[in-house]
1. Would you mind calculating the relative contact order of the chain from Cα pairs under 8 angstrom and at least 6 residues apart, reporting the percent as a whole number?
2. So how long is each side of the stretch 173-304 along the principal axes, counting just the alpha-carbon atoms, biggest first, in Å?
3. Would you kindly derive the ³J(HN,Hα) couplings of the stretch 269-281 from the backbone phi angles with the Karplus curve 6.51 cos²θ - 1.76 cosθ + 1.60 (θ = phi - 60°), listing them in order in whole Hz, with x for Gly and Pro?
4. Using the beta-carbon distance between ARG104 and SER242 and R0 = 45 Å, what value does 1/(1 + (r/R0)^6) give for FRET efficiency, to the nearest 0.05?
5. Nothing charged except the Cβ atoms of Lys and Arg (+1) and of Asp and Glu (-1): what's the magnitude of the dipole of the chain about its Cα centre? Round to the nearest 20 debye.
6. Kirkwood Rh and Cα-based Rg: tell me the resulting Rg over Rh for the stretch 29-158, rounded to two decimals.
7. For the stretch 189-204, in order, what is each residue's ³J(HN,Hα) by Karplus, 6.51 cos²θ - 1.76 cosθ + 1.60 with θ = phi - 60°, in whole Hz (x at glycine and Pro)?
8. Just the Cα atoms of the stretch 240-306: what Rg and Dmax do they give in Å?
Amino acid sequence: MSERLPDPTREPLQDSHSDARNPIGLDGIEFIEYATLKPQALGQVLEMMGFHPVARHRSREVLLYRQGGLNIVVNAHPVDALGAAHGGPQPVIGAVGLRVRDARAAREYVLSRGGWEVPTHPEAMELNIPAIHGVGGSRIHLIDRYRDFSIYDVDFVPIPGVDPRPPALFDLRFFGLVQYIGLARSPDWIAFYETLLGATAIPDEQRFGIMPAGHLLQVPAQRPANTFLLQLVEPAIDALDSREAWQRIGLGVPDVLAAVRALRDRGIDFVESEAAHPGQRGAITKAYLGSVVFELVQDPLAAQRP
């Protein structure tokens, strides 16, 4: 992946949370949701990565995993899991929750600019969280309850005896998401994120990490430490699989090699090849359960995440 993140030691040239640059008041990723029919197997992978189950959904087969300020939701509700995976056996990233200043206003903004709303059907005592269609049938949720009173306080029940805020193994933040797109579809997706989220393109010569393919966009945030990247990767011309989907999660860490050592001690395997191997710039895990991949990225802003 690549980055062009604000230097926190210097005064920015523009107000990073101005309406012009950040029209819906984005402030980072609140959660990433996997849909799966094998929640126990996915849970084992997440626990090796340092996440802990901390809460259960009130009415659905959904678990919240957390470490530090990172939330990953495992959705095994049969209708959701089958729909998001299109009947396939592998876990998929079925939803991303984005923090916004005002969810209702953000919804109106993105719909007025071409976003397609996903109908929601909350059960009794559940929040009605607005969402729009994302890549591969996924959902992008717009969330304004993420401070002292959050969505989890309404929709989830804490697991008894479990620390609701387990510390991270090391400083981590959501650095970005990698999205596989169709051939020659980069202009469409760049326009989608620029128009709806205020994302900006990063010059191709500015690269970071060990997987430099594709185009990169920076998504704005009210606080610099909450900005994140989107990496759009097209298939090779002769590729057999050109489906569009979220492919992996990028995790920013202040020291990649230290993180690799800690995760190897917990049983995580990393790709070791001539093209991609762990280094101080980045590292990538093997594909667990056929589709679950994490990329570690050297990130000076990781330790500054609130």
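FYI, it's all coordinate maths here, none of it is from the lab. This is a predicted model, so every value here is computed, not measured. Please note: Cβ atoms are built from the backbone with ideal geometry, for glycine as well, and neighbour counts cover all protein chains shown.
1. Values: 680 pairs, mean separation 68.4, N = 306.
It comes to 22 percent, rounded to a whole number.
2. So the three principal-axis extents are 42, 40, 27 Å.
3. My calculation for the stretch 269-281 gives 9, 10, 5, 10, 9, 5, 7, 9, 8, x, x, 5, 7 Hz in order.
4. The computed FRET efficiency comes out at 0.80.
5. Working: 29 positive and 37 negative charges, 86 e Å.
Dipole magnitude for the chain comes out near 420 debye.
6. Working: Rg = 14.3 Å, Rh = 15.1 Å.
Ratio of gyration radius to Kirkwood radius: 0.95.
7. Values per residue, Gly and Pro as x: 6, 4, 5, 4, 6, 5, 6, 8, 10, x, 5, 10, 6, 9, x, 4 Hz.
8. 13.0, 42
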